[in-house]
Amino acid sequence: MTPVIAARGLTKTFGDLTAVAGIDFEVASGESFGLLGPNGAGKSTTMRMVGAVSTRSGGDLHVLDLDPDTHGPEIRSQLGVVPQEDNLDTELTVRDNLLVYGRYFGLPRRVCAERADELLEFAQLTEKAKVKTDNLSGGMKRRLTIARALINEPRILMLDEPTTGLDPQARHVLWDRLFRLKERGTTLVVTTHYMDEAEQLCDRLVVVDHGRIMAEGSPADLIREYSTREVVELRFGSSRNAEAAERMGGVTERIEVLPDRVLLYADDGEAVVEKVLALGLEPTTSLVRRSSLEDVFLRLTGRSLIE
Amino acid sequence: MTTTTATTRPAPRRRSRGGVRALYAGNAGAVVERGLRATRSGNWVIVLSGFFEPVFYLLAMGYGLGTFVGDVTMASGETISYAAFVAPALLAVSAMNGAVYDSTWNVFFKMHFGKIYDAMLATSIGPLDVALGEISYALLRGGVYALGFLTVMQVMGLNLAWTAFLSLPALLLVAFGFASVGMAVTSYMKTFQQMDWINFVMLPMFLFSATFYPLTVYPEAVQWFIKALPLWHGVELVRGLTTGELSPAMWGHVAYFVGMVVLGVAFTTTRLRALFLD
Amino acid sequence: MTTTSTPTPTPAAQRALAAGALPRRFGWWYVAEAQLRSMKAYGWTIVASGVGQPLLYLLGIGLGLAAFLDVSVAEGPDGPIDYVTFVAPALLVTAAVGVAMDEFTYAVMSGFKWRRLYYAPNASPVSPPQLATGVVVACAGRMLFTVVVYYALMVAFGAVGDPVSGLLIPLVGILGGLAFGLPVMAYSASIEDDRGQFALIQRFVFTPMFLFSGTFYPLDSVPIAFQWIGWISPVWHASEIGRSLSYGSAPGSWPVGVHLAILLVMAGVGGLVAGRIFTRRLRG
């Protein structure tokens, strides 16, 4: 089966700045694909090229077997886009936002109305249908933006940082809705700089940094390949972390010193903690946890994802 | 007397509403200073540009239309040039426009979008400091414009009497009147659409208040209606001073604006209490 | 001639090609529809100013000022013209220009910046030039309401020489509004930060244009040093066309075709540049 998105050597430059430096990836129909990376890694630029609102500077790109350079409107007719910043019409009611947006796709008013009611139900906003959009909470606005992106029954739903700025509860509600879409077979393309989000939503992801793909695989594969099973986080106080790390030299193979803590990578975390204590070191706090994509990213780039 | 019967029961403890002290910290100056700094670091060109509007009107109407109008005969029977007739009206109009803009749109924007007052009110500054500070800043700005335009009038020979210099304090009074009422009105406004209605009050005042021609062209009933509106009083007051056509009726105009100031400030204070303290 | 065998599109591509057909043709209309719908939020302002403004201006300037003037200000082909008849076409054009000032300054900028409203249709099949066209069509719709009401009141005030040929005056008003509005729209789309540019346009373009475009007295009666303002002013060109439709051209005035050509060029160039800038900003 042909992929719904196929990029080869995809490049985007703005003057001297190279935002995307020749990346290759494919997304299969029904797959949930993630682009993980820090701010400025080139994720949003990639999304804009796939969304046919930014022309590529080089390489090859096909979306639904069409070239965005020549078939922009056709491609966009099959996409649902959830931008990083909400751009709802805050002066319209919740339902009117859906109706107006549906018309941009040339959908008949009757179809827009039917789908609007279904989508309000799906986004748990039926009771807010007649409320001015301005008066919604952040999480509700986000859900409305997603509902709006679904009005044309898109083949691919593209979400740029879908839960940035939301409180934990609102994030979980949103993930739940996206998970349902996934179950129905909608192809999802998600950018995020949150590991938990990537782990929740993505079947497969690429780690992007400085416009290049650093690694690719399922979240579990990536962790297996680039990290250990467990991680020990020790804090000695910000002035003493580096010194303590030096003394722990032989305890495990890989040690990372961050400004506020020391990370020790090992398959058995408790054993490492015991070795550290045996050295006579006294961390103020110690925590053993499972490895996450954050650790993968740290390994790949030497940097933390969230500054 | 029934008041004594209440002594058996302790008087209900009402939280003190704090009078004016709760609203006013005596620091309106800090608000004015902020305004000046914002002007200096920001759009001083725009602030400066406000001076040109009445000058354009003076050229287009006073001189341009003036070639067709010729001279205007005043109540005293004396004739003056059309430019000398229109110029003081433009002064009053620009005092009104500036004061209303500053106390309505400007305040509305800062209140609902810039969130500037939220930051101010988190300090020891009270709402009345903000109100008085904004009004004072508006008057300062309006005063500078008025001085500029009076200078233009002087150069063009449109100040016909020594009393013209009294029009500066007169204009400040006019502006104060409009600003204090404007601020009271703005405290009720919630949307941009409501703000648009302010223009519907301003436009007829501008067109009909003896700005470009004497009231005598209207039927008697219309004249009385216009005389009830504030701008007409402002125009007549300033025109009397720059042309030297003084009359005791001018005290009436002054009283009108003093009344506006008193009512406007009292209303604003009540509203601020309702908005911020209750 | 080369024969290239075009492969049959895949089902996914076929579905996309079918769905793209309507928006490719009518995308501009979908945008106009949405814009008109959002105008409902300030519908009362549009109606009240649409009716109130002409009423006030025709009363205040057309009748009040006219009663005060005792000499004739303007000539038609057959001698002096009533003052209100002379002023009315210019007032109508100014009203259309005022609508343009409303719809093509802050509103355009907030589409790109504050409220980012243009980025929503941008992700749909609608193209940036279609988006710009839709915005213009909706604004022209609002202008149409304003100038038709204006014209009706002009006729009621007896301010039109020939009410039949005068029926074209509303269209001239819209053309004048767009000749001013489209270049302004292009400018508004090009600026990234509001540093008071619109306030300056209001003070140094809109107001002088209203005052010095032969609005209140014939342009040739002002000193030559000021006449150029009229020559480059859409208000003057549109007013002159309006006057000749109402009561005929005054002796010595420019041919109507020249005024029309200038307005069309202003609107056309403005519209093209605006379309380019919309594309540049939305497709970077």
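The values are calculated or read from the model by the stated rules, or taken from the named source; none is laboratory data. Quick caveat: nothing in here was measured; it's all calculated off a predicted structure. Cβ placement follows ideal geometry from the backbone for every residue including glycine, while neighbour counts extend to all protein chains displayed. Areas reflect the complete protein model, heavy atoms only, side chains present, ligands, DNA and RNA absent. Shrake-Rupley method; radii C 1.70, N 1.55, O 1.52, S 1.80 Å.
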Reduced Cα scattering model of the stretch B:58-138, Debye log10 I(q)/I(0), q = 0.12, 0.25 Å⁻¹:
-0.56, -1.12
Please calculate how many Å² of accessible area the protein assembly as shown carries per residue, with a 1.4 Å probe and no DNA, RNA or ligand atoms counted.
44
Quick check on the protein assembly as shown: of the DSSP beta bridges with both residues there, what percent are antiparallel, nearest 5%?
70
Throw me the Rg/Rh for the stretch A:27-127, computed over C-alpha atoms with Kirkwood Rh, two decimals.
1.01
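Taking 56 Å as R0, compute the FRET efficiency from the Cβ-Cβ separation of C:R37 and A:D260 and round it to 0.05. Kindly include the intermediate steps, with their values, before the conclusion.
Working: r = 52 Å, r/R0 = 0.92.
Calculated transfer efficiency: 0.60.
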Using each residue's phi in the stretch A:17-34, evaluate 6.51 cos²θ - 1.76 cosθ + 1.60 at θ = phi - 60° and report the 3J(HN,Hα) Karplus result to the nearest Hz, with x for Gly and Pro.
8, 9, 7, 10, 10, x, 10, 10, 7, 9, 10, 8, 4, x, 7, 10, 10, x
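For a distance above 23 Å, tell me the whole-number percent of Cα pairs in the stretch B:27-162 that qualify. Write out the running numbers ahead of the final one.
Details: 4129 of 9180 pairs.
Cα-Cα pairs of the stretch B:27-162 separated by over 23 Å account for 45 percent.
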Cα centroids of the stretch C:10-55 and the stretch A:28-106: how far apart, whole angstrom?
21
Taking the Cα atoms of the stretch C:68-156, report the difference between the largest and smallest coordinate on each principal axis, in whole Å and largest first.
60, 21, 21
Which whole-angstrom value gives the distance between the alpha carbon centres of the stretch A:170-191 and the stretch C:222-277?
57
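What value, in deg cm²/dmol to 500, does the helix sum -39500 (n - 2.57) over DSSP H runs of n ≥ 4 give at 222 nm once divided by the residues of chain C? The partial results should precede the final answer.
Values: 12 runs with 187 residues, N = 284.
Computed ellipticity for chain C at 222 nm equals -21500 deg cm²/dmol.
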At q = 0.10, 0.11, 0.13, 0.22 Å⁻¹, base-10 log of I(q)/I(0) for the stretch A:93-201 (Debye sum, equal scatterers on each alpha carbon)
-0.27, -0.33, -0.46, -1.26
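Between C:T10 and A:R229, take the C-beta separation as r, use R0 = 60 Å, and let me know the FRET efficiency to the nearest 0.05.
Numbers: r = 43 Å, r/R0 = 0.71.
E(calc), rounded to 0.05, equals 0.90.
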Eligible lysines near C:K40 by straight Cα distance, threshold 30 Å, same-chain separation 8 or greater
A:K128, A:K130, A:K132, A:K141, B:K110, B:K115, B:K190, C:K113
Counting only DSSP beta bridges with both residues in the stretch A:150-244, tell me the antiparallel percent, nearest 5.
50
Helix-only mean residue ellipticity at 222 nm, chain B, DSSP H runs n ≥ 4 weighted -39,500 (n - 2.57), per residue, nearest 500. What is it?
-20500 deg cm²/dmol
Simple spin-label model, 7 Å along Cα-to-Cβ: C:W254 to B:F109 in nm?
3.4
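Write down, largest first, the equivalent ellipsoid semi-axes of the stretch C:1-85 in whole Å, where each equals the square root of 5 times an eigenvalue of the alpha-carbon gyration tensor.
Values: eigenvalues 710, 101, 6 Å².
They are 60, 22, 5 Å, listed largest first.
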Calculate the radius of gyration of the Cα atoms of the protein assembly as shown to one decimal place, then report Dmax, the largest Cα-Cα distance, as a whole number, both in Å.
34.1, 114
Value of relative contact order over chain B, rounded to a whole percent, pairs C-alpha under 8 Å and six or more apart
25
Once normalised by the length of the stretch C:25-283, the mean sequence separation of its alpha carbon contacts under 8 Å that are 6 or more apart gives a contact order in percent of 28
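Across all directions of projection, what mean area in square nanometres is found for the Cα convex hull of chain B?
Values: hull surface 79.2 nm².
Taking a quarter of the hull surface, the average projection is 19.8 nm².
Computed FRET efficiency, Cβ-Cβ of C:R280 and A:A220, R0 25 Å: what is it to the nearest 0.05? List each step's numbers first, then the result.
On the way: r = 44 Å, r/R0 = 1.74.
FRET efficiency, C:R280 to A:A220: 0.05.
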Along the Cα→Cβ direction, 7 angstrom out, place labels at C:A156 and A:D24. What is the inter-label distance in nm?
7.4
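Counting only DSSP beta bridges with both residues in chain A, tell me the antiparallel percent, nearest 5.
Details: 35 of 53 bridges.
Of those bridges, close to 65 percent are antiparallel.
Please compute the volume of the convex hull spanned by the alpha-carbon atoms of the stretch A:3-223 and report it per residue in Å³. Can you show the working numbers first?
Details: hull volume 26.1 nm³, N = 221.
Measuring per residue, one finds 118 Å³ for the Cα hull of the stretch A:3-223.
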Sorted largest first, the Cα spans of the stretch A:228-290 on the principal axes come out in Å as 28, 22, 19
Computed on Cα atoms only, the convex hull of chain C has an orientation-averaged projected area in nm² of 20.1
If contacts are Cα pairs under 8 angstrom and at least 6 residues apart, what is the relative contact order of chain A in percent?
19
Which net charge results for the neighbourhood of A:K12, defined as the other residues with beta-carbon distances under 11 angstrom from its beta-carbon, given Lys and Arg at +1 and Asp and Glu at -1?
+2
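Would you tell me the mean number of C-beta atoms belonging to other protein chains that fall within 10 Å of each C-beta in C:62-69, as a whole number?
Working: counts 0, 2, 10, 8, 2, 4, 8, 5.
Counting other chains' Cβ atoms within 10 Å and averaging over C:62-69 gives 5.
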Can you list which of the chymotrypsin sites (Phe, Trp or Tyr not before Pro) found in the stretch B:150-198 are DSSP loop residues with at most 13 other C-beta atoms within 10 Å?
B:Y188
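From other protein chains only, count the Cβ atoms within 10 Å of every residue's Cβ in B:54-67, then give the mean. Mind dumping the intermediate values first?
Values: counts 0, 0, 7, 3, 0, 5, 12, 4, 0, 3, 10, 7, 1, 5.
So the per-residue partner count for this stretch is 4.
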Determine the shielding of peptide C:123-133 by partner chains: average, over its residues, the number of Cβ atoms on other chains within 10 angstrom of each Cβ.
5
Beyond 20 Å, what percent of the Cα pairs of the stretch B:123-278 remain?
58
Roughly how many Å is it from the Cα centre of the stretch B:207-278 to that of the stretch B:118-185, as a whole number?
15
Obtain the radius of gyration and the Kirkwood radius of the stretch C:177-284 from its C-alpha atoms and give Rg over Rh.
1.05
Report the net charge of residues surrounding B:E78, where surrounding means a beta-carbon distance below 13 angstrom and charges are Lys +1, Arg +1, Asp -1, Glu -1.
-1
